[in-house]
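Here the structure comes first, spelled out in structure tokens, and everything after it is commentary.
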Amino acid sequence: MINKQNLWFITLFALILILGIYYISLPESTLPVFENTETKLDNAIKVTDSDVIIALKLSEEEKILKEMEDAQKILIDKSSSKEKKNEAYNTLKDLNYKKGKTSQIENLIKEKFNLNSCVKIEGDKISVTVDDKDASVEKANNIIKEVQSLYDTQMYITVKFQNK
């Protein structure tokens, strides 16, 4: 008596055998021919300044999200001490505040100066990278004044113009 496993083996073997014979008996003209064709790119990839700003924003966003994820893991972990949980909670609160301020500064620069920007905040240091080919001291000072107006305490603000 044939069991199920042997029946499946015979069925699949017969199917493979039939498909193999069918493939061999086909004329060569109907078989697909794959050729190694190389295509040359006439247009080189152009990286614009806004792409650089977007890349900076994404890297900063990934860094913040990674720190937030680490803090959330500590908060969820049952074996963490209260001190570590409090520290993780404060870190999470600071990261959310930093994320909000970053967005606020970028929107301010977009509204006032019509420029794309990437903002990094680390403590009392704010680094602003602006997408503008016309780098001038006056424009940098105006950006610094606008950003400083959002804070009550003195911040150390740097402005970098990203251009080619």
Taking Cα atoms, the helix 82-113 axis meets the longest principal axis of the chain at an angle in degrees (rounded to 10) of 80
Charges on Cβ only, +1 for Lys and Arg, -1 for Asp and Glu, centred on the Cα centroid of region 81-151; of G100, N116, I144, which one is farthest towards the dipole's positive end? G100
Send over the per residue convex hull volume for region 49-162, Cα only, as a whole number of Å³. 90
Using Cα positions and a limit of under 24 Å, work out the lysines in reach of K93, with same-chain residues fewer than 8 apart set aside. K57, K63, K66, K73, K78, K82, K84, K85, K101, K120, K125
Helix 49-76 sits off the longest principal axis of the Cα atoms of the chain, rounded to the nearest 10 on a 0 to 90 degree scale, by 90
Calculate for the chain the 222 nm mean residue ellipticity that helices alone would give, adding -39,500 (n - 2.57) per DSSP H run of length 4 or more and normalising by residue count, nearest 500 deg cm²/dmol. -20000 deg cm²/dmol
Measure off 7 Å from each Cα along the Cα-to-Cβ vector at F113 and K63, then give the distance between these two points in nanometres to one decimal. 2.0
Taking the Cα atoms only, what angle lies between the long axis of helix 4-25 and the longest principal axis of the chain, rounded to 10 degrees? 90
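Read the figures in this text as sums done on the coordinates, not as results from a lab. Keep in mind that what you see is a predicted model, and the values were worked out from it rather than measured. Cβ atoms come from the backbone with ideal geometry, glycine included; neighbour counts cover every protein chain shown.
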